[in-house]
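As structure tokens, the structure follows; a few thoughts come after it.
The values are calculated or read from the model by the stated rules, or taken from the named source; none is laboratory data. These numbers were taken from a predicted model, which means no experiment stands behind them. Cβ placement follows ideal geometry from the backbone for every residue including glycine, while neighbour counts extend to all protein chains displayed. What goes into the accessible areas is simple: the full protein's heavy atoms, side chains included, and nothing from ligands, DNA or RNA. Shrake-Rupley method; radii C 1.70, N 1.55, O 1.52, S 1.80 Å.
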Amino acid sequence: MEAFLQRLASRLGRDMPTFVERPQWKHAPQQTVFQGYSQDELLAELKKQCTRIHTTLVETNTAELQQTIEQVIDAHGGGPIVVANDERYEQVGLSSFLKREDVHVWDVSLGRANIEAAEKANVGMTFSDITLAKSGTVVLLNHHNQGRTISFLPKTYVAIIPKSTIVPRMTQAASIIREQKHVPSCINFITGPSNSADIEMNLVVGVHGPMKATYIVITDC
Amino acid sequence: MAMKINTGEFHERVEKGIHNTFMRGAVAGAQERLRTRRLEAAAELGNWEQWRALGEEIRKHTLENLDYYLMQLSENVKKRGGHVFFAQTAEEANDYICRVVESKQAKKIVKSKSMVTEEIHMNAALEKLGCEVIETDLGEYILQVDDHDPPSHIVAPALHKNKEQIRDVFQEKLAYTKTEKPEELALHARHMLRHEYMTADVGITGCNFAVAETGSITLVTNEGNADLVTALPKTQITVMGMERIVPTFEEMEVLVSLLTRSAVGQKLTSYITVLTGPRDEGEVDGPEEFHLVIVDNGRSDILGTEFQPVLQCIRCAACVNVCPVYRHIGGHSYGSIYSGPIGAVLSPLLGGYDDYKELPYASTLCAACTEACPVKIPLHELLLKHRQTIVEREGKAPISEKLAMKAFGLGAASSMLYKLGSKIAPTAVHPFTINDRISKGPGPLKAWTDIREFPAPEKERFRDWFKQRGEE
């Protein structure tokens, strides 16, 4: 490493710096996007963006959440379902949903069997930790109780989005992540289903990851 | 040179490209579409020039302090339990990667798209070990299945192939039985590759941006293949060109936005994934072991020179999508995995003038590339600098230009020869002239007239005309 970096320093015509202060950038256009928008206005922007990313957005409230989720899952052809081991499910009144026979809750003690469950699942479901209105993106800060493959291996991906998690764009997500003491080993920014335009520039939805995506926004949460 | 694709002379490759009608149509169509989408995405922001200025500022600052940020990155990767290897050359990088693979006794490797692994010819090194290396980006997979056809575009590698060709290859190599519909072809690839992810020993990725402050790497895809490559195998190796780094998450997000808008006109692609070290304790998926290989391979020779701005590149291919030369000759003509204007600047720097001296001349200097670049690399100026260097310092101008210049020099140096030459020109080319145009020129004119007509020399020389006017 020494020699490698020394070479760069000498190419740059100086000794290697011991500290570099990040400059105050002259421009900051990213800060002004949807500046001062209310949560309602941000939700409206998120909805608009979803029409462009092949993603259905459903609005509901805590009281009707379970019913809405069941409708969405039925519309996608039912279970099996794989979900994160996330205390928020209980907070929004979904304890009985988790007891459904076709629901697999991520369980560290089962090891690789979780991945196999995700591979067989029709639906993978997680909460969005931060939601980006501008691009229609859900941000997952994964951890041991929320495996990476929940959002990748099943045929359909469903994100539960508390309205309070909606921010203007990736800028806000970047600052939230920088404030964390421990950066998660895997952060996913997911914007709709998997797709590719590699064959004659034709858009094909559903290549390696989910073929469909639905966002369920809880408006009173 | 490993980044080299195709053999044969530059003009032979161009000849082949120009006569490939499907490729030219596909390239023109893709250029139109990607260019329009990029312009729409830029217009939608309203303050695109401010974004570009910010992008340029971030890239310049990072390059000026590259040694510091790479050290910071390396320390933070190690803090998270990852391993870092600095590779001065392609050979060093491949040796390290092979050592890791051997130590795991790995047989099957899945890989997401990465230009730098193409550049160092990593697949060949791993295949020599007896490993199977499977590309998972759909475009790259198609090329690999078709006997390792090289990529022709940085973002859309299989752009030069039509769906019927892909169907035929799938039928021959993958027991495919359905039609040429892109949906059916993609579904078959999904099925084949899903099995590979689940059974691979090692996952290899490139790196769109590394974040120095946290030791993270960012991967940008629409397919999500990079996620499966990194979530399922036990060992992950990430290979990055040493300049693909930013100070913190805040700069990463700006550059990712510039990349996705410039490459495909999307605000963000479907999957942007930030990975930090191997999996944390208790996690079930994600790699147990993480290796970051930081590759120089000629990049440090560019630092501190007039060509340094080329290292600002974020590989979006916006310059490729506006280039009139690329449009006509296609990606393979460049003879390098880096095509278009960025390839014409970068390939001679990484691969040397011996192989790539023609590329800086494959440009109209129209500056469309410079205008399209989201991080403001002065591409057309760098092309011009290459020409100056080639002629002045290296004495390696293309042979046809050298001959022409020599002949002109000889003719123009002697007043008598010049008089004679200009006088006999109309007569000398008369046999090739129809209606004052030459369409099948002799000797050095042939290269020109193969493609377009050349105006025949005026019968009356300028100096005679001038002399006569003076007398009138």
Hey, quick one: spin label on B:E288, modelled 7 Å out along Cα-Cβ, who in region B:169-206 has an amide N within reach, i.e. under 14 Å? B:201-203
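Please report the relative contact order for chain B, taking Cα pairs under 8 Å with a sequence separation of at least 6, and give it as a percent rounded to a whole number.
20
Could you calculate the FRET efficiency of A:E179 with B:V391 from 1/(1 + (r/R0)^6), where r is the beta carbon distance between them and R0 is 56 Å, rounded to 0.05? Walk me through the intermediate numbers first.
On the way: r = 55 Å, r/R0 = 0.97.
Between A:E179 and B:V391 the formula returns 0.55.
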Please give the total accessible area that chains B and A bury against each other, computed with a 1.4 Å probe and expressed in Å² to the nearest 100. 7700
Carbon and sulfur %, accessible surface of the protein assembly as shown computed with the full protein complex present, 1.4 Å: 51
Suppose every K and R has +1 on its Cβ and every D and E has -1 on its Cβ; what is the size of the dipole of chain B about the Cα centre, in Debye to the nearest 20? 1600
Of all DSSP beta bridges in chain A, what percent run antiparallel (nearest 5)? 30
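Give the calculated FRET efficiency between B:A428 and B:L39 to the nearest 0.05, with a Förster radius of 51 Å applied to their Cβ-Cβ distance.
Numbers: r = 49 Å, r/R0 = 0.95.
Efficiency for this residue pair is about 0.55.
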Tell me, in nm to one decimal, what length is gained between A:A75 and A:K99 on full extension, where the rule is 0.36 nm per residue of separation less the Cα-Cα distance? 6.6 nm
Spatially proximal lysines relative to B:K108 (Cα-Cα < 16 Å; intrachain offsets below 8 disregarded): B:K128, B:K234
Within the protein assembly as shown: Cβ-based charge dipole about Cα centre, in debye rounded to nearest 20 (Lys, Arg +1; Asp, Glu -1): 1960
Only protein chains counted, 1.4 angstrom probe. Which residues of region A:30-54 are at least 40 Å² less accessible in the assembly than when their chain is isolated? A:Q30
If you take the beta carbon distance between B:A413 and B:E12 as r and set R0 to 30 Å, what does 1/(1 + (r/R0)^6) give as a FRET efficiency, to the nearest 0.05? 0.35
Each label sits 7 Å from Cα toward the beta-carbon; between B:K104 and B:A175 the label points are separated, in nm, by 2.7
Express as a percent, rounded to the nearest 5, the fraction of DSSP beta bridges in chain B (both residues included) that run antiparallel. 35
For chain A, with +1 on Lys and Arg beta carbons and -1 on Asp and Glu, the positive-most of A:M16, A:I176, A:A75 along the dipole: A:M16
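If you filter region A:25-103 for trypsin sites (Lys or Arg not before Pro), then keep DSSP loop positions with at most 15 other Cβ within 10 Å, what is left?
Within region A:25-103, the qualifying trypsin sites (Lys or Arg not before Pro) (loop, at most 15 other Cβ atoms within 10 Å) are A:K26, A:R52, A:K99, A:R100.
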So what is the accessible area of region B:109-230 per residue, in Å², with the probe set to 1.4 Å? 31
Reciprocal mean inverse distance between Cα atoms of the protein assembly as shown - Kirkwood radius, Å: 27.1
Paramagnetic reach from A:E119 (point 7 Å along Cα→Cβ, amide N under 13 Å) across region B:194-211: B:194-201
Note, ³J(HN,Hα) from phi for region B:169-181, Karplus 6.51, -1.76, 1.60, rounded to Hz, x at Gly and Pro: 5, 4, 4, 6, 9, 10, 6, 7, 10, 8, 8, 8, 5
Per DSSP H run of n ≥ 4, the term is -39500 (n - 2.57); total these for chain B, divide by its residue number, and report the mean residue ellipticity at 222 nm rounded to 500 deg cm²/dmol. -15000 deg cm²/dmol
For chain B, can you list the cysteines whose C-beta has no other cysteine C-beta under 4.7 Å from it? B:C98, B:C131, B:C207, B:C313, B:C316, B:C323, B:C366, B:C373
Rounded to the nearest 5, the percent of antiparallel DSSP beta bridges in the protein assembly as shown equals 35
